Amino acid sequence: MNSIKIFGVRVDNVDLDEATSRVEEFLKDEGLKTIYTPNTEIIMTCKEDDKLKDIVNSGDLIIPDGIGLIHASNIKKRPLKERVTGFDLSIKILEIANEEGYSLYLLGGKEGVAKEAGENITRKYPNIKIVGYHHGYFKGSHIGYKDHQEELDIIHNINDMKPDIIFVGLGFPKQEIWIDENKDRLHSKVIIGNGGTMDIISGNAKRAPEFFQRLGLEWFYRLITEPSRIKRQLVLPKFMLQVLFSKDVIE
């Protein structure tokens, strides 16, 4: 698969249709395939943390979920085709699951969020089998409690239910760490770390209006609706400055 590396982090050069086709292939293949969704904040964190970088780079599909990645690739003349968000790909995965009758397990969010997301998915995509869900507040690998009984119970439950697809919404880097630590003992086909996707599907959060999405300004919408995010949002200008004034940004 054609890909580039931004500050050492692999990003696959796919558009949404190509990413969707890859997922369709994964679901027909043997073994569990991992999907990660780096944005500028994730790239900048991985730049300083080799362990997290290795985790993200190990993904079977790594989509460019950040407008900053598109701008950086264009500036350095290694253009990515388009931004592919974790939310958009997750919706495509649901559409595939509905068409083919695949099953889904939801892990993450506050108490009740995964359940509400599952109920909304069932209403909109009646052919998807929601085989289980669990909130994100448990002791496990992602917070330094590898093989804690709570984690083992969740893994046992997932494998008992045999979902084809697992949505993991623990937020970066917890979801990536949890997936990496447990992927070899999960008997599913596709697992994606998709952050706040379940919050949006459940109705507990709203996505930016389409106007902001088209302009690549979802980060700005989140900033004006959640001013407390300003420290996180400052990563974008820092990232762009480093892109402009650093050598060997993109391989």
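Check which residues have an amide H placed less than 5 Å from TYR133's amide H, if you skip close sequence neighbours.
Here LEU106 satisfy the definition.
Which residues does the label zone of GLU48 cover in segment 64-93, counting backbone N under 20 Å from a point 7 Å along Cα→Cβ?
In segment 64-93, the label zone of GLU48 (backbone N under 20 Å from the point 7 Å along Cα→Cβ) covers 68-69.
Shape of segment 1-63 from its Cα gyration tensor (a ≥ b ≥ c, root eigenvalues): rounded if a/c is under 1.5, otherwise prolate when a/b > b/c, or oblate?
Details: a/c = 2.68, a/b = 1.72, b/c = 1.56.
Since a/c reaches 1.5 and a/b is larger than b/c, the shape of segment 1-63 is classed as prolate.
Regarding segment 119-251, what are the three Cα extents along the principal axes, ordered largest first, in Å?
50, 37, 30
Quick check: pseudo-label points 7 Å beyond the Cα along Cα→Cβ at ASP17 and HIS148, how many nm apart are they?
Going from the ASP17 label point to the HIS148 one covers 4.5 nm.
Can you tell which of VAL14, ILE43, LEU106 lies farthest toward the positive end of the dipole of segment 1-115, using +1 and -1 charges on the Cβ of basic and acidic side chains (Lys, Arg; Asp, Glu)?
Checked the options; the winner is ILE43.
Rounded if a/c is under 1.5, else prolate if a/b beats b/c, else oblate: with a ≥ b ≥ c from the C-alpha gyration tensor eigenvalues square-rooted, which is segment 31-163?
In terms of gyration-tensor shape, oblate.
Calculate, axis by axis, the spread of Cα positions in the chain along the three principal axes, and write the results as whole Å, longest axis first.
51, 36, 35
Given a 1.4 angstrom probe, I'd like the percentage of the accessible area of segment 1-126 that is carbon and sulfur, rounded to a whole number.
43
Pull up all non-local amide H partners of PHE172: gap of 5 or more, or a different chain, and H-to-H distance under 5 Å with H placed in the peptide plane.
Result for PHE172 returns nothing.
Based on alpha-carbon atoms only, what is the radius of gyration of segment 152-212 relative to the globular estimate 2.2 N^0.38 Å?
So the Cα radius of gyration is 1.30 times the expected 2.2 N^0.38 Å.
Along the Cα→Cβ direction, 7 angstrom out, place labels at PHE245 and ASP184. What is the inter-label distance in nm?
Each label point is offset 7 Å from its Cα along the Cβ direction, giving 4.3 nm.
Using alpha carbon centroids, what distance separates segment 135-189 and segment 77-113, in Å?
17
The values are calculated or read from the model by the stated rules, or taken from the named source; none is laboratory data. No experiment lies behind these values; they were computed from the predicted model shown. Cβ atoms come from the backbone with ideal geometry, glycine included; neighbour counts cover every protein chain shown. Side chains included, ligands, DNA and RNA excluded: accessible areas come from the protein's heavy atoms. Shrake-Rupley method; radii C 1.70, N 1.55, O 1.52, S 1.80 Å.
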